Structure formats: C-alpha cells, structure tokens
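Structure first, commentary second.
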Amino acid sequence: MRYYKRYYPRCWDFGFEKKAGSFNFGIKDFPLLLQIQTVNSCNGSCLMCPSKDQKKTFELMPNEIFDKLINELRSSKKSLYLVLMLQNEPFLDKDIFQKARSIKEATNNNIFISVITNGSLLKNYDLNLFKETALDRVYISLDAYHEITYKKIRGKNLDFKNIKKKIDELISRGLNHKIAVRLVVQKDNFDEANQFFNYWKNKEVGVEIMNLENRCGLVKDYKKLRIKDCGISNIKKCFEPFNNLCVTVNGDVIPCCSDWSHENIMGNIKNNSIQEIWTNKKFEYFRLCHTEGKAQDIEPCKFCSQLQNQ
C-alpha cells in the first residue's frame with residue numbers, strides 16, 4: 001500500500017521499530033515481516049476485495065503448521081513484525097488471542113504482533129482482552145466517514161455504528177496506543193477522506209489513508225472504483241519480496257499479500273522451514289526479477305496495479 005495521509009499519536013511507542021529495523025531492498029537471511037493466515041475466511045463483502053468473489057470452505061490453520069512456525073520463531077531469536085492476518089477476517093479464529101500470546105511467550109516478547117480487521121466481531125470479545133492481550137496493534141478498516149458510504153463500500157452485513165461504538169469503548173479504556181483506523185481511497189469515499197482523517201486524529205488514534213490496489217488483477221471493478229490522480233504515486237520498486245513472507249492456512253508460502261490467486265507458491269511450511277523457503281532458488285529468482293526491472297515477466301506481479309502504474 002502507498003499512503004495518501006497518515007497520523008500516529010504521541011502515545012505510540014516506536015521502540016520496536018528501532019530494534020527490528022526498517023523495510024529495505026537488501027536481501028536478508030530471514031524475513032522482517034511475517035503474515036500468517038490462521039483462518040481462510042472473511043465475513044465482509046467489500047467492493048475492493050477479491051474475497052467476495054472466491055468460494056472457500058471455512059478452514060483453520062492446523063496446529064502442526066502453527067506450532068512449527070512458533071518453534072522456528074523461537075529458535076531464530078529474530079526481532080520481526082508478525083501480522084496474524086492474511087486475506088481474511090482474523091477474529092473468525094476464536095483462538096486468535098491465545099495464538100498471539102503463544103507467540104509472545106515462545107519468543108520472549110521479541111516479536112511485534114498486529115492484526116488488520118473489519119472490526120465487526122469485536123462485539124464477540126471481552127474488550128479487556130485487548131488491554132491484556134499480546135496484540136501490540138489492531139488496525140481497523142472502516143473506509144468511510146458516513147454510514148451510507150460505509151454500506152456502499154463494505155456491504156450491508158457489517159454494522160458501522162456498532163464498530164464505531166466498540167472503537168470508542170477501546171479508546172475510553174486508554175488503548176489509543178493499540179488502535180489505528182484505515183481508509184482505502186476510491187471514488188465513493190474520496191470526498192470524505194479528510195473528514196475521516198481529522199475525526200479520528202482528534203480522538204488520538206492512528207489513522208492511515210491509502211491508495212486502492214487491484215490485488216494483482218483480481219478486483220473486478222478496479223477501473224470503476226479507482227481515482228487516477230488522488231495524490232498517491234505508484235511504486236517504482238516493490239519491497240514485498242525483500243522483506244515479507246506470507247503463510248496461508250495450509251502452509252503454502254506466497255510471495256505477496258496481494259497475491260490472491262496463490263498460483264506462484266514459493267514452498268510449504270510442512271516441508272521446509274521459513275528460512276529454507278525464504279532463501280530458496282525460486283524466491284531468489286523472484287527477487288532478481290524485481291531487482292532487474294522484470295517484474296512484468298512473473299506472476300502475480302505482471303498484473304499488479306502498483307507496479308504497472310494503473
């Protein structure tokens with residue numbers, strides 16, 4: 001994602017960022033960011049997401065795969081960012097808090113854990129869990145300032161008012177340092193992006209306003225939704241393959257969080273370790289294509305709106 005506008009309140013602690021380091025284009029022996037899909041489903045039907053068009057049988061990541069990931073993180077002793085979310089709604093996994101806690105305990109709090117959620121299932125959890133939990137940050141995707149816009153973009157099955165109410169409850173409990181809200185800029189919400197930004201900034205939570213992506217060609221109405229000149233430039237070089245590793249519910253490793261097709265598999269955690277997959281020849285070739293400006297020759301990158309300047 002490229003940012004149009006963002007705000008991080010003074011209460012946010014960036015100590016871990018200084019410890020782990022920043023994203024760059026140098027090839028490391030281990031990823032700096034790890035995304036784990038503990039459940040493969042979502043309860044939303046957002047216009048800009050391929051999930052609504054994909055038929056999936058509800059699946060949770062098997063314990064053997066999750067435990068193997070934890071064991072390697074424990075033995076690696078690396079400081080890294082971990083997102084317990086990948087192309088899903090993470091709170092559909094009822095054990096998400098326990099899984100975050102297991103990772104923290106196994107790595108001696110050496111990993112920064114976040115989730116990205118639509119916020120609709122916050123109502124099912126005791127909000128005290130967010131105070132006590134191992135989750136360091138919760139990003140809540142709202143994509144609208146007005147309810148009518150929200151329903152147009154995110155569908156009628158998600159309750160905008162209830163989600164805002166739960167965010168306010170989290171704020172009232174002094175959890176501003178753990179909360180950020182997001183808006184993806186598109187035609188339906190562009191005119192209210194600044195209202196959104198100022199409203200949540202005044203509540204002293206993190207705010208991120210980002211550009212729309214075509215998810216490597218799988219957002220069907222991308223050309224209808226996008227705004228060509230919204231103040232966000234496309235990327236000239238992608239840092240994903242140099243920093244990020246994404247593990248799907250069955251252990252497959254995909255090269256990018258925007259790769260919803262899962263056609264270019266780098267390996268599987270059941271057969272190899274994170275480090276083995278990260279440094280294998282297939283991943284090396286994938287990075288080489290990006291380094292040499294040949295990303296248009298590989299899937300899924302050749303369909304990516306970010307790289308193709310669409």
Under 16 Å from Lys156, Cα to Cα: lysines that are on another chain or at least 8 residues apart: Lys52, Lys164
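Could you order the peptides 108-118, 154-164 from most to least packed, using the average number of other C-beta atoms within 10 Å per residue? All intermediate terms of the calculation are to be shown ahead of the outcome.
Values: 108-118: 19.4, 154-164: 16.1.
Highest to lowest by the protection proxy: 108-118, 154-164.
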How much net charge surrounds Cys246 when only other residues with a Cβ under 11 Å from its Cβ are counted (Lys, Arg +1; Asp, Glu -1)? -3
Please give me the summed charge of the neighbours of Lys161: other residues whose Cβ is under 14 Å from its Cβ, Lys and Arg +1, Asp and Glu -1. +3
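Could you tell me what percent of the accessible area of the stretch 163-268 is made up of carbon and sulfur, with a 1.4 Å probe and every protein chain present? Don't skip to the answer; put the middle values down first.
Numbers: 1880 of 4230 Å².
C and S fraction of accessible area: 44 percent.
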Taking the solvent-accessible surface of protein heavy atoms with a 1.4 Å probe, what is the per residue accessible area of the chain in Å²? 46
Please work out, to two decimal places, the log10 of the ratio I(q)/I(0) at q = 0.11 Å⁻¹ from a Debye calculation in which every Cα of the chain carries one identical scatterer. -0.67
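So what is the orientation-averaged projected area of the stretch 163-214, using the convex hull of its C-alpha atoms, in nm²?
Details: hull surface 15.9 nm².
Dividing the Cα hull surface by four gives the mean projection, 4.0 nm².
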Cross-link partners of Lys28 among lysines (Cα-Cα below 23 Å; sequence separation of 8 or more within a chain): Lys18, Lys19, Lys68, Lys77, Lys78, Lys104, Lys236, Lys237, Lys270, Lys281, Lys282, Lys294
Beyond 21 Å, the calculated P(r) of the stretch 9-154 holds a percent of Cα-Cα pairs equal to 50
Once both labels are modelled 7 Å past Cα along the beta-carbon direction, what's the Cys11-Lys52 spacing in nm? 3.3
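Based on the Cα atoms of the stretch 53-120, what semi-axes does the equivalent ellipsoid have, where each is the square root of 5 times one gyration tensor eigenvalue, given in whole Å with the largest first? Present the calculation step by step, with values, prior to reporting the outcome.
Details: eigenvalues 107, 38, 22 Å².
Result for the stretch 53-120: semi-axes of 23, 14, 10 Å.
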Positive minus negative residues near Glu132 (Lys, Arg vs Asp, Glu; Cβ under 12 Å): +4
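The values are calculated or read from the model by the stated rules, or taken from the named source; none is laboratory data. Everything quoted here is computed from the prediction, not taken from an experiment. Glycine gets a Cβ as well: all are built from the backbone with ideal geometry, and neighbour counts include every protein chain shown. Side chains are part of the model used for accessible areas, which takes the heavy atoms of the whole protein and leaves out ligands, DNA and RNA. Shrake-Rupley method; radii C 1.70, N 1.55, O 1.52, S 1.80 Å.
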